[in-house]
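Below is one structure, written out as structure tokens; comments come after it.
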2 protein chains.
Amino acid sequence: MLDRIRIVMVETTHPGNIGAAARAMNTMGLSDLRLIKPLQFPHVEATARASGSADILARAQVCADLDEALAGATLVVGTSARQRRIPWPCLSPRQFGEVAAGRVEHEQIAVLFGREDRGLTNEELQRCNYHVAIPANPDYGVLNVAAAVQLISYELRLALVGDPDAGDAPRRSRSQLLEIPPMEWDAPPADSAEVEHFLRHLEQLIIESGFLDPDNPAQVMTRLRRLFLRARPDKMEISTLRGVLTSFGKHLAAPSDDAGRP
Amino acid sequence: MLDRIRIVMVETTHPGNIGAAARAMNTMGLSDLRLIKPLQFPHVEATARASGSADILARAQVCADLDEALAGATLVVGTSARQRRIPWPCLSPRQFGEVAAGRVEHEQIAVLFGREDRGLTNEELQRCNYHVAIPANPDYGVLNVAAAVQLISYELRLALVGDPDAGDAPRRSRSQLLEIPPMEWDAPPADSAEVEHFLRHLEQLIIESGFLDPDNPAQVMTRLRRLFLRARPDKMEISTLRGVLTSFGKHLAAPSDDAGRP
């Protein structure tokens with residue numbers, strides 16, 4: 001099951017970190033590595049640091065953008081230092097492990113790791129259902145990106161496989177997350193691209209309606225993104241929402257009295 | 001308390017690993033690093049990989065042998081792949097964290113990390129009170145030594161400090177971990193009436209738009225209700241959603257081309 005979880009490294013600068021991340025994944029049994037616009041890859045330094053994990057590097061998928069890396073993903077998690085500006089549903093690494101263990105059979109799970117110097121962008125973080133913050137020294141919380149991959153992979157292994165040596169069975173989240181539909185749901189979860197298309201459709205109509213000034217969007221779309229990503233709509237719900245928006249859009253496209261046109 | 005626990009690296013070959021270990025320690029709040037006969041130290045590669053943790057390197061004590069590195073230590077733990085040849089008291093990283101949390105005030109704790117190529121010798125392992133085995137892929141369990149330092153430091157931090165962001169006090173039982181969302185939110189949850197007013201507003205506009213036939217509503221509103229109730233919107237989100245609907249409504253109320261009116 002661990003091989004079903006994909007690790008996505010975004011615009012990694014140092015090829016050594018890519019190799020070290022591949023090794024870290026391998027030590028914990030993960031194998032699906034995707035690289036969005038790595039600065040240098042393949043590279044001798046990546047291969048050296050991967051040690052016995054060259055096959056993970058060889059199979060790593062290099063992607064042009066987030067959409068490609070997230071193709072088919074239904075549960076997207078971004079690693080991030082804790083942000084207070086606009087709180088987002090957040091899990092500890094351990095909690096994420098339990099959630100992943102409970103969902104891995106039914107979902108395509110992707111974990112995003114950002115750039116060495118500045119992590120994930122706000123836009124990237126706002127594509128995520130959850131953020132995962134690794135607990136760290138408040139005076140120096142800057143984990144190396146491969147070290148972060150190691151920690152997350154470790155928690156995923158503990159949750160999905162357990163530590164048989166410690167008499168520790170895999171542990172699934174006991175209390176279902178309220179936002180995550182139970183397993184006997186009637187429609188499969190929408191994937192990341194379907195939700196993204198809906199959100200862009202919504203944004204477009206909000207701009208057309210005049211509610212949102214595209215040059216001064218404030219936090220309207222951020223708040224709406226957070227809401228819908230938290231709710232994790234299923235395919236049927238997204239289809240319904242798209243139908244509603246299309247219906248609204250026919251009216252918005254037409255001249256209205258309020259627009260002051262003849 | 002974390003600064004009371006010493007990390008001992010034994011005959012490390014690659015100076016980069018020493019720097020990466022210093023950084024890993026720093027991210028988790030550890031600072032006491034001791035190096036037994038490092039092949040190259042100090043070294044520019046160690047400094048580079050230490051990133052913002054040069055002070056830990058500067059204070060690192062270079063030792064001639066295990067006796068010097070363990071001076072004063074009362075609880076010695078060696079990291080090791082699981083060995084069955086001579087059974088030894090063994091802890092998982094998590095169990096070690098709990099043990100350390102219970103003992104750190106009364107003990108001098110040292111954790112040994114072995115050579116890159118062959119770990120700790122039998123003699124070194126037999127100096128330890130406990131062995132700690134990091135659970136790993138049985139087909140490839142060879143963690144980078146700095147990655148192992150990162151994992152152990154992480155478990156020590158979780159056990160001694162906890163993860164306040166996750167509502168996780170030190171050594172608190174796992175069953176209390178999954179309070180979702182375990183975080184400070186920026187707006188209070190909307191109450192039932194506020195959500196209900198929003199949903200009726202939404203339904204009204206959907207009917208006006210022509211998407212929903214009130215006499216044959218199918219499951220459109222049922223699905224939308226389920227989605228929004230699952231998401232548990234906060235007051236700010238409901239306010240934003242109401243604003244969007246009001247903006248849409250102005251257009252819906254106006255005559256549109258689609259309605260076939262002039």
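The values are calculated or read from the model by the stated rules, or taken from the named source; none is laboratory data. Here the structure is a predicted model, which means the values were calculated and not measured. Glycine gets a Cβ as well: all are built from the backbone with ideal geometry, and neighbour counts include every protein chain shown. Please note that ligands, DNA and RNA were not included when accessible areas were found on the heavy atoms of the full protein model with its side chains. Shrake-Rupley method; radii C 1.70, N 1.55, O 1.52, S 1.80 Å.
General observations
- Dipole check for chain B: with +1 at the C-beta of Lys and Arg, -1 at the C-beta of Asp and Glu, and the Cα centre as origin, the magnitude is about 560 Debye.
- Per residue of chain A, the DSSP helices (runs of n ≥ 4 H) give a summed -39500 (n - 2.57) that works out to -13000 deg cm²/dmol at 222 nm.
- Pseudo-label separations to other copies for B:His197 - Cα-to-Cβ vector, 7 Å, nm: 3.6
- Peptide A:199-205 shows a mean partner chain C-beta count of 1 within 10 Å per residue C-beta.
- A:Asp65/B:Ala218 FRET efficiency (R0 41 Å; Cβ-Cβ; nearest 0.05): 0.65
- Prolate/oblate/rounded call for chain A, Cα gyration tensor, a/c under 1.5 rounded: prolate
- Close amide H contacts of B:Cys63 (hydrogens built in the peptide plane, cut-off under 5 Å, sequence separation of 5 or more or a different chain): B:Leu35, B:Ile36, B:Lys37.
- In the assembled protein chains, B:Thr74 presents an accessible area of approximately 70 Å² (probe radius 1.4 Å).
- Placing pseudo-labels 7 Å out from each Cα toward the beta carbon at B:Thr74 and A:Thr121 gives an inter-label distance of 5.4 nm.
- Per-copy distances of the B:Ala58 label point, shortest first, in nm (7 angstrom along Cα→Cβ): 4.6
- Euclidean distance between Cα centres, the range A:89-129 to the range A:221-238, Å: 16 Å
- At 7 Å out from Cα toward Cβ: A:Arg242 inter-copy label distances (nm, ascending): 3.1
- Shape of the range B:192-259, Cα gyration tensor, a/c cut at 1.5: oblate
- Within chain A, percent of DSSP bridges classed antiparallel, to nearest 5: 10 percent
- The range A:52-152 shape via C-alpha gyration tensor axes, a/c threshold 1.5: rounded
- Each residue of the range B:126-133 was assigned a 3J(HN,Hα) from its phi angle through the Karplus curve 6.51 cos²θ - 1.76 cosθ + 1.60 (θ = phi - 60°); the sequence is 7, 8, 9, 6, 9, 9, 10, 10 Hz, with glycine and proline shown as x.
- Ordering A:Val10, A:Met25, A:Gln40 by the projection of their Cα atoms onto the charge dipole of chain A, which places +1 on the Cβ of Lys and Arg and -1 on the Cβ of Asp and Glu, puts A:Met25 at the extreme positive end.
- Farthest positive-ward along the protein assembly as shown dipole, Cα basis, beta-carbon charges - from A:Val220, B:Pro214, B:Ala71: B:Ala71
- Within the shell of other residues whose beta carbon sits under 13 angstrom from the beta carbon of B:Ile56, the net charge comes to +1, with Lys and Arg scored +1 and Asp and Glu -1.
- The H on the amide N of B:Gly29, modeled in the peptide plane, is under 5 Å from the matching H of A:Asn137, each at least 5 residues off or on a different chain.
- A:Gly78 long-range amide H proximity, modeled H, under 5 Å: A:Leu112, A:Tyr130, A:His131, A:Val132
- Relative contact order (%) - the range A:2-166, alpha-carbon pairs under 8 angstrom, separation at least six: 31 percent
- Other protein chain Cβ atoms within 10 Å, averaged over every residue that makes up B:22-33: 4
- Across the options B:Thr246, B:Ala50, B:Gln61, the greatest Cα extent toward the positive end of the charge dipole of the protein assembly as shown (unit charges at beta carbon of Lys, Arg, Asp, Glu) belongs to B:Gln61.
- Looking at the protein assembly as shown, the DSSP beta bridges with both ends there are about 10 percent antiparallel.
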